[in-house]
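Enquirer: Got a structure for you, questions after.
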């Protein structure tokens, strides 16, 4: 749920970031039906979003090329008290009704919808995951003063991680709940001083991105590297904070983020927001932006060198062969929109037939038996 923050002066920050964010561009303006856009999900080559509090329990399917509204899907056994994020696993979509600005909600829920139902109907039913925070004992109303507000969820290691939006201390705490229907105490597993308010998140290719803004509405990204210490304490090894002030401007209220398959491309959303800054009025429209995480490519190249991966020929017209010193479990190919392409293995010698693919750039994902993975760009001529 949006709350206005009073502005008098701005504090300028310079964030040191190891992650390589490039090609940050505006993609399109979202339709008027989604002015309060909150969560963002790329699914079936389309964008799914929703509004936060005040709207019907609707999911909006958006054309990922034009930004036009394609469908509205109604969740018939849900209520939009304060929907704040949306995420997925292989078979389900999860909607987080977890907005809690006053810190006094006792009805926090995550709605779980079958992807197959979403694709074939404009009215769906959801399973319900209810939870409360294991360490919350005081439910007095504290407008913009609670550490139990939240706007971000991701699926990670067969659990749902919830990232809080701490109005009081500007940290984010990470809580864990199961993926199955039930009523749970969410367990605190990690925490970090992000000096801001976390509003969205995505987990992809063993790395995390979180969106947010500080108390002066300077937008930022939080990046958690795949090189972190394994386990639930995802902030244990630290994080990078990346200012988006130059790209989006002060006053932009970031809301959602989603990955486009394993292409290294991400979309982020900004909701409609009118504010006054130092006596000047600003009207920010609801928009989607895209950027590339070149860290994805850089890390993959480093892994490829370490594991002596050789892909040849590349560019190719018909076949590619993957030579690696390690055994792998699976090979996957994604197009530039992040859609998985079915490609048959010619034999067990790690050779793929790509002759039927259209000309263009593709992403090959190699999954190893040690649970590590590497990605590599392939050019089809």
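Enquirer: Could you identify the single residue in 60, 94 that is part of a strand (DSSP E or B), in the same structural domain as residue 154 (by TED's automatic domain parsing), without any contact (Cβ under 8 Å) to a residue 40 or more places away in the chain and closer than 28 Å to residue 334 by Cβ?
Expert: 60
Enquirer: Only residues that are surrounded by 15 or more Cβ atoms within 10 Å (Cβ to Cβ) and more than 20 Å from the chain's Cα centre (by Cα): list them for segment 105-121, please.
Expert: 105, 108, 117
Enquirer: Which residue out of 290, 255, 232 is crowded, with 20+ Cβ neighbours inside 10 Å and modelled with pLDDT of 85 or more?
Expert: 255
Enquirer: Provide a single number: the residues in segment 104-125 that are in a loop (DSSP other than H, G, I, E, B) and either in contact (Cβ under 8 Å) with a residue 60 or more places away in the chain or under 25 Å from residue 269 (Cα atoms) (or both).
Expert: 2
Enquirer: Against the condition crowded, with 19+ Cβ neighbours inside 10 Å, modelled with pLDDT of 95 or more and within 18 Å of residue 265 (Cβ to Cβ), how does residue 21 come out, does it pass?
Expert: No; evaluated as a whole, the condition is false for this residue.
Enquirer: Additional query: Could you tell me which of the residues 162, 198, 153 is closer than 17 Å to residue 90 by Cβ, buried (at least 18 other Cβ atoms within 10 Å of the Cβ) and either assigned by TED's automatic domain parsing to the domain that holds residue 81 or in contact (Cβ under 8 Å) with a residue 12 or more places away in the chain (or both)?
Expert: The match here is 153.
Enquirer: Checking residue 79 against (1) touching a residue at least 12 places away in the same chain (Cβ under 8 Å); (2) more than 24 Å from residue 28 (Cβ to Cβ); (3) not in a loop (DSSP other than H, G, I, E, B), which single condition isn't satisfied?
Expert: If we test residue 79 against (1) touching a residue at least 12 places away in the same chain (Cβ under 8 Å); (2) more than 24 Å from residue 28 (Cβ to Cβ); (3) not in a loop (DSSP other than H, G, I, E, B), just (3) comes out false.
Enquirer: Checking residue 124 against (1) surrounded by fewer than 20 Cβ atoms within 10 Å (Cβ to Cβ); (2) in contact with a helix residue (DSSP H, G or I) (Cβ under 6 Å, 6 or more places away or on another chain): exactly one of these is not met. Which one?
Expert: Checking residue 124 against (1) surrounded by fewer than 20 Cβ atoms within 10 Å (Cβ to Cβ); (2) in contact with a helix residue (DSSP H, G or I) (Cβ under 6 Å, 6 or more places away or on another chain), the one that fails is (1).
Conditions (1) surrounded by fewer than 17 Cβ atoms within 10 Å (Cβ to Cβ); (2) assigned by TED's automatic domain parsing to the domain that holds residue 273; (3) at pLDDT below 95, marked per residue:
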site: 4; (1), (2), (3): yes, no, yes
site: 9; (1), (2), (3): yes, no, yes
site: 48; (1), (2), (3): no, yes, no
site: 51; (1), (2), (3): no, yes, no
site: 71; (1), (2), (3): yes, yes, no
site: 77; (1), (2), (3): yes, yes, no
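Enquirer: Separate question: Can you confirm whether residue 263 is at pLDDT below 90 and either in a strand (DSSP E or B) or crowded, with 20+ Cβ neighbours inside 10 Å (or both)?
Expert: yes
Enquirer: Is one or more of the residues making up segment 170-188 out of contact with any helix residue (DSSP H, G or I) (no Cβ under 7 Å at 6 or more places or on another chain), free of Cβ contacts under 8 Å to residues at least 24 places away in the same chain and in a loop (DSSP other than H, G, I, E, B)?
Expert: No: segment 170-188 contains no residue that is out of contact with any helix residue (DSSP H, G or I) (no Cβ under 7 Å at 6 or more places or on another chain), free of Cβ contacts under 8 Å to residues at least 24 places away in the same chain and in a loop (DSSP other than H, G, I, E, B).
The values are calculated or read from the model by the stated rules, or taken from the named source; none is laboratory data. Predicted model, so just to flag it, every value in this text is computed and none were measured. Positions of Cβ are backbone-derived with ideal geometry, glycine not excepted, and every protein chain shown enters the neighbour counts.
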